[in-house]
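Written out below as structure tokens is the structure these notes cover.
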2 protein chains.
Amino acid sequence: MSRVTIADVASAAGVSKTAVSFAFNNPERLGHATLERVLGVAQDLGYTPHPAARALSMRRSGTIGILIPQRLSTVFANPFLSELIQGLGELCEEHDLTLLLVPPLNGSLEGAIRQASVDGFISLGLSPDDSALGVLDRIGIPTVLVDSEDSPSHPTVNVDDGGGARAAAAHLIGLGHRQLAILVLPPARSQVHSTPTAERRLAGYRAAIAEAGVPAPHSVIAGISVAAGASAFASLPKGKRRPTGVLAMSDMAAIGVVTAAQASGLRVPDDLSVVGFDDVPASAWTNPPLTTVRQPIVEKGRLAARLLIQRMKGKPVASPAPLKTSLVIRGSTAPATNLDLRIKRR
Amino acid sequence: MSRVTIADVASAAGVSKTAVSFAFNNPERLGHATLERVLGVAQDLGYTPHPAARALSMRRSGTIGILIPQRLSTVFANPFLSELIQGLGELCEEHDLTLLLVPPLNGSLEGAIRQASVDGFISLGLSPDDSALGVLDRIGIPTVLVDSEDSPSHPTVNVDDGGGARAAAAHLIGLGHRQLAILVLPPARSQVHSTPTAERRLAGYRAAIAEAGVPAPHSVIAGISVAAGASAFASLPKGKRRPTGVLAMSDMAAIGVVTAAQASGLRVPDDLSVVGFDDVPASAWTNPPLTTVRQPIVEKGRLAARLLIQRMKGKPVASPAPLKTSLVIRGSTAPATNLDLRIKRR
DNA sequence: CCGATTTACTAAAACGGTTTAGGCGATCGT
DNA sequence: ACGATCGCCTAAACCGTTTTAGTAAATCGG
């Protein structure tokens, strides 16, 4: 009925619990004959060490956690996390680690953290002074911050969000667009600030626009989903003040804008230029293919995992320089052809 | 330096370990004054119960595992798993559970299973007689099978793969296509069989084709990634025996075929019709939008999680009927216009 | 042939919680 | 005034491993 324990194996094989433990973890400390016998008995009984007991005793669970600040159903609607996990996964498999997804439970990320039996955490998009990270510090779990801000207490993996955003805005401006719209992310869970990443992107957009002396952009709030992008498009000004270029903060939102615009009769990019952010794989297949800011997501995952594993081994690690972003120009952006521009051209 | 334990809190508050435990798990068993004091001390010391110790003692870890038969980097390249996790995630958050990803470690799924401290498993695409499931049974961990075959020992969640596949094939045949190609999945980890799902889809394609009396299709092996679909297209016959319609086993592979075909100068759907499987969200945005067999992936995840949670509570559960699939016709399929057909028409 | 190693194994102490079975005053009913 | 009940708290057992410290027998060098 009940689970077979190490004691069962020990008594069945006529040895001590220690011997059984050695058979699995320290075989060279046992005589050949007993080793064989113990292993055989264990096999027959179908013995498997209890993972929690093992974790308690060894102070290591063989798992690393991904701290996710939003609900799984919203965050997995964006391919970003899939890509990141591909990178994390490579390193995890290399080091025999499994990956635990830790979203807020009952809205509390801290509660979820306590419940999670992990050897280290990858934190996604949390500000370094988030209270959830305070909990981690107190417990003393090694942590690597991804998409955060430089922190004295944890290594941080970032990309050059600001530079990418500037390049995107400059691209649109260079194409002659003067009436721009920015899709701003809704406030994050901290309820007062947005995520550090979103802040940097927004700042990049604004800086490039200000430097070019272009009119201030129209801002509209949108989440990172396709649906959010679509409804953001709906709330954009129409007619004379209609933006001719929109800067999104994710590819998903950009795709939402594109499809909503097309459904409303606008042509992309002829009537409306749209640029995304991230360069998830799907961006290359959309109609038209999306112009977007590329960030190396898989590489980011690999790097974060590598750093975390170092830290878990006790080695100190420094935050690497932000990874490069680059503008990839596809089919969703084109020269502005709005009235103002046409008049000037003549 | 070391972690603060329940004993530390107990002695600091001048009570027994039991009292501290009660303060958190059984507050009504403590007097008001002591309760406050213990909670206060715990807060000051930054006490957090050790998850592994808790799991060992309570025989429950608050985690369910997803048994993934392939490497994370390959399986997350397909949005299918993202969708499924969205469904699983809803129920998990509702029941305060976290989600552990369990891929093979050193190629061994069984080893990974042993390491994982979970209260239940969702198995993806494993045949009911897979040896990994044998390990689970021996340990006695509740398990729900997704994309498998009916099993006497575990509840199973499936969709009507066969029916969907038949509809897809019938659709192409109805459009006049006579030279078809099927993208078969490569053999699964069991090395001898494919996954049950792939078998059912293949059988569905074959049955519809045979019933229609259409020439046997050309089969070519392809994984579930875009790249695999693209290289599968490359190995298709050219010229006179060129297929005019291809049936893929996933949307990703279908998208790969479409892009490769377009790159080679063919027009989709005019020169080549392609139908996918799954209806992941991206299928709606591709160029052209993909005709595909829809399966309710998120719903499938929700259902699987619901069943597993029931089983974890000890309630017996029966396998539900397969979920419905449906053909959604978009822009990647059109009437055949190959030479044979044009001749007949005149 | 005798003390010093080495080999092969074990008893018991962690690891850090929860839970069972009571203990001990204070209050209750009568 | 006295046994029963109740409210509050605790000692000790338990969950299932790993690991430390050590023992008895076998092997060694000289």
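The values are calculated or read from the model by the stated rules, or taken from the named source; none is laboratory data. Given the structure is predicted, the values throughout are model-derived calculations rather than measurements. Cβ atoms come from the backbone with ideal geometry, glycine included; neighbour counts cover every protein chain shown. Quick note on the areas: whole protein, heavy atoms, side chains included, nothing else; ligands and nucleic acids left out. Shrake-Rupley method; radii C 1.70, N 1.55, O 1.52, S 1.80 Å.
General remarks:
- Only one of the numbered conditions (1) in contact (Cβ under 8 Å) with a residue 60 or more places away in the chain; (2) more than 16 Å from DNA strand D (Cβ to nearest atom) is violated by B:SER117, and that is (2).
- The single residue among A:GLY223, A:GLY213 that is under 19 Å from the mean Cα position of the chain (by Cα) and not acidic (Asp, Glu) turns out to be A:GLY223.
- Residue within segment B:31-50 that is without any contact (Cβ under 8 Å) to a residue 12 or more places away in the chain, in a helix (DSSP H, G or I), within 8 Å of DNA strand C (Cβ to nearest atom) and under 44 Å from the mean Cα position of the chain (by Cα) present: no
- Filtered residue count, segment A:236-251, keeping only those that are charged (D, E, K, R) and touching a Pro at 6+ places or on another chain (Cβ under 9 Å): 1
- For the criterion of being in contact with a Gly (Cβ under 9 Å, 6 or more places away or on another chain), closer than 30 Å to A:VAL246 by Cα and open to solvent by less than 10 Å² (accessible area, probe 1.4 Å), A:ALA165 passes.
- The condition of being buried (at least 23 other Cβ atoms within 10 Å of the Cβ) and more than 7 Å from chain B (Cβ to nearest Cβ) does not hold for A:GLU110.
- Of everything in segment B:52-92 that is within 13 Å of DNA strand D (Cβ to nearest atom) and without any contact (Cβ under 8 Å) to a residue 24 or more places away in the chain, the residue that is surrounded by the most Cβ atoms within 10 Å (Cβ to Cβ) is B:LEU56.
- Segment B:7-20: number of residues that are crowded, with 18+ Cβ neighbours inside 10 Å, within 10 Å of DNA strand D (Cβ to nearest atom) and part of a helix (DSSP H, G or I): 4
- Flag if B:LEU97 is facing chain A (nearest Cβ under 7 Å) and surrounded by 23 or more Cβ atoms within 10 Å (Cβ to Cβ): no
- Yes/no for B:PRO69 being more than 9 Å from every other protein chain (Cβ to nearest Cβ), outside any helix (DSSP H, G or I) and over 17 Å from A:LEU72 (Cα atoms): yes
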